[in-house]
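**Q** Pasting in a structure now, in structure tokens, and then I'll have a few things to ask.
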Amino acid sequence: MLFLQNISYTHRNKDLLFSHISLKVNAQDKIALIGNNGVGKSTLLQLIAGKLQATSGNLQLHAKPYYLPQVFGQFNHLTIAQALQVETKIIALHNILKGSTSIENFNQLNDDWTIEDRCLQALSDWQLPQVSLAQRIDTLSGGQKTRVFMAGLSIHQPEFILMDEPSNHLDGSGRQMLYNFIRTSQKTMIIVSHDRKLLNLLTKVCELSKTKVTVYGGNYDFYAEQKKMEKLTLNHDIQNKEKALRKAREKERETLERQQKSDNRGKKKQEKSGVPKIMMNLLQNNAEKSTAKIKGVHAEKISGISSDLQALRASLPEADKMKFGFTHSELHAGKILFKANNLNLSYGIQNIWKENLNFQINSGERLALKGANGSGKTTLIKLILGNLKPSFGTVYRTKIKTVYIDQDYSLIDNKLNVYTQAQKFNDSSLLEHEIKIRLNRFLFTKEDWNKPCAVLSGGERMRLMLCCLTISKQSPDLIALDEPTNNLDIQNIEILTAAINEYKGTLLVISHDETYLEQLNIEQTLKLKSSKANNY
């Protein structure tokens with residue numbers, strides 16, 4: 001189905017993204033393509049789809065791939081029919097039905113008399129019965145755009161499918177439809193995703209790095225178990241190297257002490273024997289040369305062990321290199337932070353929620369807000385945080401320190417550099433070197449301190465935001481997370497999860513990632529239902 005041999009890709013600015021990548025994909029393989037942010041997963045999909053050209057290497061395809069991209073802005077000026085590449089057929093069909101006998105129309109239609117019915121049925125199957133083929137893409141939500149391109153799979157019936165983060169904008173019902181499609185389909189697939197529930201439906205994991213693709217013959221859980229074993233082996237090797245380094249340094253110290261004692265005994269003996277001064281100096285020089293030689297031998301051995309240890313430590317996952325150091329909320333558990341009675345909000349004449357909301361949030365709780373796209377989850381967070389006022393009902397709100405974290409990590413100011421952004425949260429007068437120590441804990445080295453925040457990846461923005469929270473003197477009493485994993489790879493999701501689980505305070509989370517919610521130990525769920533008929 002697909003054969004990649006020694007594929008390399010270099011950006012226009014001459015930066016090498018990856019080199020000598022080789023991969024074989026067989027018919028009906030269902031492959032998860034994973035790797036750290038920035039390693040080139042999306043680029044590799046675009047190379048396979050023919051959207052980009054490799055700098056070097058050989059790519060062989062035995063079926064035209066259907067490509068579902070991560071972002072859809074490039075289609076905004078098109079109609080749904082144009083984006084799905086069915087417009088010419090539908091125009092030809094309508095012309096024929098109106099009586100045209102042009103051979104061009106019949107050639108365009110190519111006997112595909114059911115094309116319009118199939119399109120409308122596919123859109124309906126993906127819960128878009130209300131949209132028309134003439135509707136522009138830019139009138140749709142992110143979830144609706146994804147559903148349109150998923151409907152294209154039913155329309156075109158491709159043998160080879162490429163998907164880049166297909167569940168990103170889908171709500172719970174949309175994700176379930178996607179999972180069902182992947183589970184039941186016999187098509188060949190390569191999917192880039194951080195959705196671990198989706199990844200567990202795939203039968204092979206391919207981990208992309210800058211120089212190779214490592215293949216694991218199982219789903220994501222199998223891959224994670226293999227990585228866990230590799231990590232245990234790596235930690236064991238690190239411990240052995242640390243032990244060897246301690247022994248080498250101890251051996252060096254003992255040898256030099258013995259040499260020093262031997263030299264001192266020899267010197268005293270020579271002084272008592274009345275050895276001439278010139279001979280004494282010669283013997284002293286010989287002793288010093290011998291000591292220097294011993295030092296050199298041990299230094300070389302210690303340097304070799306240190307280099308090996310440094311290389312092993314560099315291989316550790318980023319989460320294992322980080323130290324979070326969160327302070328905790330000082331509020332006692334169970335204190336009422338927010339209480340809503342018959343809460344609702346209206347825009348115009350229509351309420352947002354079908355039923356008025358009654359609930360309360362207590363200090364220390366972990367609460368998830370769930371609902372279809374458009375059900376008002378983000379709006380409710382803004383009401384809870386006091387950024388909006390309700391149209392109906394009453395609310396009680398305790399004055400507390402809150403932090404709102406969205407999927408773009410908008411707390412980070414793109415106009416600042418990394419160090420200045422961290423300094424912005426320095427309300428406890430930490431010294432410059434202390435700020436830089438905190439940045440190092442979150443993997444921002446000296447080379448990163450002057451980097452503009454605008455160029456940071458999603459994972460880097462997340463890590464910088466976490467660093468800022470640890471710099472602030474007072475830990476937030478409530479953290480609201482609004483789809484925080486949408487733009488993160490799996491490794492950075494794990495970093496965020498570890499950090500949030502170390503935080504001892506109140507947590508309010510919006511996420512369609514069930515695995516992420518499970519790992520955060522969510523205790524309560526508030527389900528929202530919009531007053532509108534459809535929410536996608």
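**Q** So, in segment 507-527, how many residues would count as being open to solvent by less than 10 Å² (accessible area, probe 1.4 Å) and acidic (Asp, Glu)?
**A** 1
**Q** Of all residues in segment 359-383, which are farther than 17 Å from LEU508 by Cβ and open to solvent by 50 Å² or more (accessible area, probe 1.4 Å)?
**A** GLY374
**Q** Hey, among ASN105, ASN36, which residue is modelled with pLDDT under 90, in a helix (DSSP H, G or I) and open to solvent by less than 80 Å² (accessible area, probe 1.4 Å)?
**A** ASN105
**Q** Out of (1) open to solvent by less than 60 Å² (accessible area, probe 1.4 Å); (2) in a loop (DSSP other than H, G, I, E, B), the odd one out for LYS89 is which?
**A** In the conditions (1) open to solvent by less than 60 Å² (accessible area, probe 1.4 Å); (2) in a loop (DSSP other than H, G, I, E, B), LYS89 misses (2) alone.
**Q** Same structure, new question: Of everything in segment 491-506, what is in contact with a helix residue (DSSP H, G or I) (Cβ under 7 Å, 6 or more places away or on another chain) and either crowded, with 22+ Cβ neighbours inside 10 Å or more than 15 Å from ALA368 (Cα to Cα) (or both)? Give them in sequence order.
**A** GLN491, ASN492, ILE493, GLU494, ILE495, LEU496, ALA498, ALA499
**Q** Just a yes or no: is a residue in segment 114-132 touching a residue at least 60 places away in the same chain (Cβ under 8 Å) and in contact with a Cys (Cβ under 8 Å, 6 or more places away or on another chain)?
**A** Checking segment 114-132: not a single residue is touching a residue at least 60 places away in the same chain (Cβ under 8 Å) and in contact with a Cys (Cβ under 8 Å, 6 or more places away or on another chain).
**Q** Return the residues of segment 1-22 that are open to solvent by less than 20 Å² (accessible area, probe 1.4 Å) and under 30 Å from PHE181 (Cβ atoms); say none if nothing qualifies.
**A** Within segment 1-22, LEU2, LEU4, ILE7, PHE18, ILE21 qualify.
**Q** Just to verify a result, which residue in segment 73-86, among those that are part of a helix (DSSP H, G or I) and at pLDDT below 90, is surrounded by the most Cβ atoms within 10 Å (Cβ to Cβ)?
**A** Step by step, filter segment 73-86, then rank; the result is PHE75.
Let's see how each residue does on (1) among the hydrophobic types (A, V, I, L, M, F, W, C); (2) touching a residue at least 40 places away in the same chain (Cβ under 8 Å):
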residue: ALA32; (1), (2): yes, yes
residue: GLY35; (1), (2): no, yes
residue: LYS51; (1), (2): no, no
residue: GLN70; (1), (2): no, yes
residue: ASN76; (1), (2): no, yes
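**Q** Can you tell me which residue is nearest to ARG175 (Cα to Cα) among those in segment 108-133 that are of a type in the set (Asp, Glu) and surrounded by fewer than 11 Cβ atoms within 10 Å (Cβ to Cβ)?
**A** ASP117
**Q** Go through PRO166, PRO158 for me and flag whichever is in contact (Cβ under 8 Å) with a residue 24 or more places away in the chain, open to solvent by 10 Å² or more (accessible area, probe 1.4 Å) and under 19 Å from ALA122 (Cα atoms).
**A** Answer to the check: PRO158.
**Q** Looking at the structure I just gave you, is SER209 among the small types (Gly, Ala, Ser), touching a residue at least 40 places away in the same chain (Cβ under 8 Å) and farther than 24 Å from LEU517 by Cα?
**A** For SER209, the condition - among the small types (Gly, Ala, Ser), touching a residue at least 40 places away in the same chain (Cβ under 8 Å) and farther than 24 Å from LEU517 by Cα - is met.
**Q** Let me ask something else. Does segment 226-242 contain any residue that is at pLDDT 65 or above, closer than 30 Å to GLN5 by Cβ and of a type in the set (Asp, Glu)?
**A** Checked segment 226-242: at least one residue is at pLDDT 65 or above, closer than 30 Å to GLN5 by Cβ and of a type in the set (Asp, Glu).
The values are calculated or read from the model by the stated rules, or taken from the named source; none is laboratory data. In this text the structure is predicted, and so the values were computed from the model without any measurement. Reconstructed Cβ throughout: ideal geometry from the backbone, glycine too, with neighbour counts over all protein chains shown. Only protein heavy atoms, including side chains, enter the accessible area calculation; ligands, DNA and RNA are left aside. Shrake-Rupley method; radii C 1.70, N 1.55, O 1.52, S 1.80 Å.
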